[in-house]
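These notes concern the structure reproduced below.
The values are calculated or read from the model by the stated rules, or taken from the named source; none is laboratory data. What you see is a predicted model, and the numbers here were worked out from it, not measured in a lab. Backbone-built Cβ (ideal geometry, glycine too); neighbour counts: all protein chains shown.
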Amino acid sequence: MPQLRSQTRINATPEQVFDFIDDWRNAMRYLRRMVRWEALDPDNTQVGGVFDIGVQAGPTRLNGRLEVTGHQRPSTISFRSIDGPRVEGAWVLTPDGDATRVLLDASYDVPGGIAGRLVAAFLRGNAQNDIDASLRELKRLIESGA
């Protein structure tokens, strides 16, 4: 499975960064190409919480369902897909002086067939740039208080 990894340093406490990421309503504000992110049960967004997601990958929209598999404030949120394209990953937050080092580590696999090959080609050319841009936007939003 292809691996994606991006990190940044955000001038905010780990608790502030964690709380921003943990609020599922913020996901579409910073995750590039995300067109849907909805909690199945808005009262359960910790371990076992499930989200319906949609990502625009070129001309194809990939729909899926993610489950939170780890949730330790203020250091880690991990997830995996339970439907749709296979995805596993984690947000890892570590104190860095007066700031927070943010790492997003993810692996993914796309469906087979012609559509899968087209999506895979699109992701190969764009996925790392998209994850890097997502972390830059996360940093901008948190640091600006937006």
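Here are the numbers:
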{"read-out": "Among (1) part of a loop (DSSP other than H, G, I, E, B); (2) closer than 18 Å to S6 by Cβ, the one test that N44 misses", "value": "(2)"}
{"read-out": "Check on L118, more than 23 Å from D43 (Cα to Cα), modelled with pLDDT of 95 or more and of a type in the set (A, V, I, L, M)", "value": "no"}
{"read-out": "So T60, is it surrounded by 14 or more Cβ atoms within 10 Å (Cβ to Cβ), touching a Phe, Trp or Tyr at 6+ places or on another chain (Cβ under 7 Å) and not hydrophobic (A, V, I, L, M, F, W, C)", "value": "no"}
{"read-out": "Residue in the stretch 96-109 that is more than 21 Å from A146 (Cβ to Cβ), outside any strand (DSSP E or B) and either touching a strand residue (DSSP E or B) at 6+ places or on another chain (Cβ under 9 Å) or not hydrophobic (A, V, I, L, M, F, W, C) (or both) present", "value": "yes"}
{"read-out": "Residues of the stretch 25-38 classified as touching a residue at least 24 places away in the same chain (Cβ under 8 Å) and over 10 Å from the mean Cα position of the chain (by Cα), total", "value": "5"}
{"read-out": "Candidate set from the stretch 1-56 (those that are of a type in the set (G, A, S) and more than 30 Å from D96 (Cα to Cα)); member that is modelled with the highest pLDDT", "value": "A39"}
{"read-out": "Single residue of the stretch 54-87 satisfying the filter (touching a helix residue (DSSP H, G or I) at 6+ places or on another chain (Cβ under 8 Å) and hydrophobic (A, V, I, L, M, F, W, C)) that is nearest to F18 (Cα to Cα)", "value": "I77"}
{"read-out": "R140 at pLDDT below 80 and assigned to a helix (DSSP H, G or I)", "value": "no"}
{"read-out": "Identity of the residue in the stretch 67-83, farther than 20 Å from L138 by Cα and not β-branched (V, I, T), that ends up surrounded by the fewest Cβ atoms within 10 Å (Cβ to Cβ)", "value": "D83"}
{"read-out": "Count of residues meeting criterion [under 19 Å from I82 (Cα atoms) and surrounded by fewer than 15 Cβ atoms within 10 Å (Cβ to Cβ)] in the stretch 22-37", "value": "1"}
{"read-out": "Condition met for G48 (of a type outside the set (F, W, Y) and under 21 Å from D19 (Cβ atoms))", "value": "yes"}
